[in-house]
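Beneath this line is the structure, given in structure tokens, with notes to follow.
The values are calculated or read from the model by the stated rules, or taken from the named source; none is laboratory data. These numbers come from a predicted model, not from an experiment. So basically every Cβ, Gly included, is an ideal-geometry build from the backbone, and we count neighbours across all protein chains shown. Note: accessible area is taken over every heavy atom of the protein model, side chains too, but ligands, DNA and RNA are not part of it. Shrake-Rupley method; radii C 1.70, N 1.55, O 1.52, S 1.80 Å.
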Amino acid sequence: MKEILITNDDGFEARGLLELASALRSVANVTIVAPSSEKSACSHSLTLTRPLRFVKLDDGFFKLDDATPADCVYLALRALYNRKPDLVISGINHGANVAEDVTYSGTCGGAMEGVLQGIPALAVSQFYVADSLQRYGFDLACELTVDLVGKIFKNGFPLPPKQFLNLNVPAVSKQDFKGLTIAPCGEKLYDTDAQLNRNPRGIEYYWLGKSTLSFDASRNENSDISALFEGRATLSPIKLNLTAHEQMSALERWIRNDE
């Protein structure tokens, strides 16, 4: 039977993680290695300044004490497997990972570590608006993921090495779902909003992490962002090499401009 390693960035108790693992057990042996606490927006970071510790919760289910998703994949491959699993899946994240948010995402960081280690990987995220997670749950995301996994196991992984699939699921019911589309990452609008507060001693502190999805619709036609708001799930191929190859010649001309 095929082997799947699952991680996430919402922590080992997250509903999206647990429901996805349950759904995937119909098609593969599943091992969960997840952070002991939420690690949203930790990107592809590894823990290099302190030791890490597995805590076994059940057969094939571990939390990694205060670790990142990339830690979970990296250490699981080193300590738990005699041979590499067939697939790494990171998710289901509680919230979308679209546009440039892919660079922040701990969910995508888990998938990145998988493909760096030579294993096909899929990141899965569930967009939500207001109480849509409570109303619609993760059933649609689980169904789409199981279907994609079946295609991967039957037809092979569709991307070359060091590239992963990024699946985002809209905040709609199954009845209103418009289907799955292949879409590029869009462009979000970013700011530096942070909430200023004071503790009981009057010391100032800030909370980061306000969840917003602001964008210019005219710059996002047919992107992952626009598709989500139209009720479509998106599948995007993501590569880890961030070189802007189309700018190489222009940069050469720029650097030589004063010579």
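Accessible area per residue for the range 1-66 in Å², computed with a 1.4 Å probe and the full protein assembly in place, what is it?
Details: 3270 Å² over 66 residues.
Here the residues of the range 1-66 average 50 Å² of exposed surface.
How about the range 139-223: which chymotrypsin sites (Phe, Trp or Tyr not before Pro) there are in a DSSP loop, with at most 14 other Cβ atoms within 10 Å of their Cβ? It would help to have the intermediate numbers written out before the result.
Working: sites: PHE153, PHE164, PHE177, TYR190, TYR205, TYR206, TRP207, PHE215; in loops: PHE177, TYR190.
Counting only loop positions with at most 14 other Cβ atoms within 10 Å, the chymotrypsin sites (Phe, Trp or Tyr not before Pro) in the range 139-223 are TYR190.
Can you tally the net charge around GLY118? Count Lys and Arg as +1, Asp and Glu as -1, for every other residue whose Cβ sits under 13 Å from the Cβ of GLY118. Before the final figure, lay out the partial values.
Numbers: positive: ARG83, LYS84, LYS162; negative: ASP86, GLU113.
Summing Lys and Arg as +1 and Asp and Glu as -1 gives +1.
I need the shape label for the chain. Rule: rounded when a/c is under 1.5, else prolate if a/b > b/c, else oblate, with a, b, c from the alpha carbon gyration tensor.
Values: a/c = 1.22, a/b = 1.16, b/c = 1.05.
Taking the square roots of the gyration eigenvalues as a ≥ b ≥ c, the chain is rounded.
Carbon and sulfur atoms: what percent of the 1.4 Å accessible area of the range 190-259 do they account for?
On the way: 2900 of 5810 Å².
With neighbouring chains kept in place, the figure for the range 190-259 is 50 percent.
Would you mind getting the accessible area per residue of the range 121-167, heavy atoms of the protein chains only, 1.4 Å probe, in Å²? Each step should come with its number before you reach the end.
Values: 2180 Å² over 47 residues.
Roughly 46 Å² per residue, with all protein chains present.
Just PRO158, PRO120, PRO170 to compare: in a GNM of the chain, with alpha carbon springs under 10 Å, which one fluctuates most?
Among PRO158, PRO120, PRO170, the largest mean-square fluctuation in the Gaussian network model of the chain belongs to PRO158.
Ranking request for peptides 92-104, 237-249: highest mean number of other beta-carbon atoms within 10 Å first, then the rest in descending order. Write out the running numbers ahead of the final one.
On the way: 92-104: 22.5, 237-249: 10.2.
The packing order, highest mean first, is 92-104, 237-249.
With the Cα gyration tensor of the range 107-195 giving a ≥ b ≥ c as the square roots of its eigenvalues, does the rule (a/c under 1.5 for rounded; else a/b larger than b/c for prolate; else oblate) give rounded, prolate or oblate?
It is oblate, given that a/c is not under 1.5 and a/b is not larger than b/c.
Mean Kyte-Doolittle of at least -0.5 plus a Cα span of 20 Å or more along the axis: flag which DSSP H helices in the chain meet both, please.
On the way: long enough: 139-155 (24 Å, 0.50).
Membrane-span-like by this rule: 139-155.
So, with a 1.4 angstrom probe, what is the percent of accessible area on the range 1-160 that is carbon and sulfur? Working shown, then result.
On the way: 3360 of 6920 Å².
Carbon and sulfur: 49 percent of the exposed surface of the range 1-160.
Quick one: among ASN82, ASN220, ASN166, which has the greatest mean-square fluctuation in a GNM of the chain with alpha-carbon springs under 10 angstrom?
Judging by the Gaussian network model, the answer is ASN82.
Between ASN155 and GLN195, what length in nm is gained on full extension when 0.36 nm per residue of separation is reduced by their alpha carbon distance?
Numbers: separation 40, 0.36 × 40 = 14.40 nm, distance 4.82 nm.
Taking ASN155 through GLN195 to full extension adds about 9.6 nm, to one decimal.
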